[in-house]
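Okay, structure first, notes after.
The values are calculated or read from the model by the stated rules, or taken from the named source; none is laboratory data. The structure presented is a predicted model; accordingly, all values stated were derived computationally and were not measured. For neighbour counting, all protein chains shown are included, and Cβ atoms are generated from backbone atoms with ideal geometry for every residue, glycine included. In case anyone asks, the SASA skips ligands and DNA or RNA and just uses the protein heavy atoms, side chains included. Shrake-Rupley method; radii C 1.70, N 1.55, O 1.52, S 1.80 Å.
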Amino acid sequence: MGASCLNGRGVLLLQNSRIQFTSSKIEDLMFRTTFNPKTMEGDVIVNLSLIHKEDFEDVLKIFSLAINSGLAVSPMLKVLHEGDSIGDRVIGKDEVGFATVCSITIDGILLKAGVMVKPRFGGLVEIRDGAPIRFTNVLTYQSTTIDPLEVLMSQELTSVMEMLRTGTGKILANLREAPMVARDVIDNTLSDMVDAGITGILEVGEPNTRILDVPVERDHLGIVVIGGTNPMAIVQEHGIPIRTNAMSTLLNINELKHINEL
């Protein structure tokens, strides 16, 4: 095999090919996010999920349930049909695509507000009696070329539907860190996001304090965000085939519609 090395952006160079770690992809998408929650204009990061068109009505009902239950980043999404294009992808024969807002959009918005956010990992959060308890499984963004939530979902480790029914289960979420000196800016920006319909914040920790049983870097605080792929996890739990490409591309917010309008 040829020699390999890491460049300064966390991209593995191997035999003239480029393997991009998820942390590098996140950094790129964060800088390209332009959505302004005050003006409701700009681009957001979206996940792309593909299903068979025969499952469309069932999947739409599941997405509606998940989103209206607060298990998504935003109620805005776009439905794509056979022949439609998104990014460099064209929806195939007998397929339907769902473009949903990715949680990394939150990091992009915070970055534009001047907050140096550091995404750490994606994982499973144990929910007990409706309250988040702790992370049980995690996968760091710097250790994989595949989105951690995609990996965990593929292992069928979630119990999102069970959580909706009983208040206890495991959902997808991710953790990022931010400097504690930016606490006021973070609070104000998150408030603007909520007003704009971006309500995926699960918990904001105190400076220098563990969050959901995970320690944070000194002089930082943790922010836990609900994974944008939770609706897809419920679809999978129902035995419906679905293929998800997290952090797929960027779309202008004006191309998306509220789930209740579909």
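Kindly evaluate ALA113 against the criterion of being free of Cβ contacts under 8 Å to residues at least 40 places away in the same chain and surrounded by fewer than 23 Cβ atoms within 10 Å (Cβ to Cβ). Break it down stepwise before answering.
Working: free of Cβ contacts under 8 Å to residues at least 40 places away in the same chain: no; surrounded by fewer than 23 Cβ atoms within 10 Å (Cβ to Cβ): yes.
In short, no.
Do the conditions hold for LEU80, that is, is it within 27 Å of GLU255 (Cα to Cα), without any contact (Cβ under 8 Å) to a residue 60 or more places away in the chain and not in a helix (DSSP H, G or I)?
Details: within 27 Å of GLU255 (Cα to Cα): yes; without any contact (Cβ under 8 Å) to a residue 60 or more places away in the chain: yes; not in a helix (DSSP H, G or I): yes.
Here the answer is yes, as LEU80 does meet what is asked.
Matching residues to (1) assigned to a strand (DSSP E or B); (2) within 30 Å of VAL216 (Cβ to Cβ); (3) among the acidic types (Asp, Glu):
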| position | (1), (2), (3) |
| --- | --- |
| PHE56 | no, no, no |
| ILE62 | no, no, no |
| GLY70 | no, yes, no |
| VAL73 | no, yes, no |
| LEU110 | no, yes, no |
| VAL125 | yes, yes, no |
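Quick check: is even one residue across the stretch 173-191 under 25 Å from GLU237 (Cβ atoms), among the hydroxyl-bearing types (Ser, Thr, Tyr) and either touching a His at 6+ places or on another chain (Cβ under 9 Å) or touching a residue at least 24 places away in the same chain (Cβ under 8 Å) (or both)? No, because not a single residue in the stretch 173-191 is under 25 Å from GLU237 (Cβ atoms), among the hydroxyl-bearing types (Ser, Thr, Tyr) and either touching a His at 6+ places or on another chain (Cβ under 9 Å) or touching a residue at least 24 places away in the same chain (Cβ under 8 Å) (or both).
Going through the stretch 20-53 one residue at a time, which ones are closer than 14 Å to ILE242 by Cα and in contact with an Asp or Glu (Cβ under 8 Å, 6 or more places away or on another chain)?
Initially, the stretch 20-53 is screened for residues closer than 14 Å to ILE242 by Cα, giving 47-53.
If the condition is that a residue be closer than 14 Å to ILE242 by Cα and in contact with an Asp or Glu (Cβ under 8 Å, 6 or more places away or on another chain), then LEU50, ILE51, HIS52, LYS53 are the ones that fit.
Looking only at the stretch 207-240, residues that are surrounded by fewer than 23 Cβ atoms within 10 Å (Cβ to Cβ) and more than 14 Å from LEU175 (Cα to Cα) come to 9 in all. Residues considered: ILE198, ILE146. Of these, the only one that is under 15 Å from the mean Cα position of the chain (by Cα) and either of a type in the set (Gly, Ala, Ser) or closer than 22 Å to SER24 by Cβ (or both) is ILE146. A Cβ distance below 6 Å, combined with a sequence gap of six or more or placement on separate chains, defines the contacts here; from the stretch 251-262, residues that are within 15 Å of ILE86 (Cβ to Cβ) and in a strand (DSSP E or B) reach no residue that is open to solvent by 80 Å² or more (accessible area, probe 1.4 Å) and not aliphatic (A, V, I, L, M). All conditions in (1) modelled with pLDDT of 95 or more; (2) surrounded by 14 or more Cβ atoms within 10 Å (Cβ to Cβ) hold for THR39, with the sole exception of (2).
Collect the residues in the stretch 128-180 that are in contact with a Pro (Cβ under 6 Å, 6 or more places away or on another chain) and open to solvent by 30 Å² or more (accessible area, probe 1.4 Å), keeping them in residue-number order. Break it down into steps so the answer makes sense when it comes.
Within the stretch 128-180, the first condition is being in contact with a Pro (Cβ under 6 Å, 6 or more places away or on another chain), and the residues that meet it are 139, 141, 176, 180.
Within the stretch 128-180, LEU139, MET180 meet the criteria.
Checked against (1) open to solvent by 70 Å² or more (accessible area, probe 1.4 Å); (2) in contact with a strand residue (DSSP E or B) (Cβ under 9 Å, 6 or more places away or on another chain); (3) modelled with pLDDT under 95, THR244 meets all criteria but (1).
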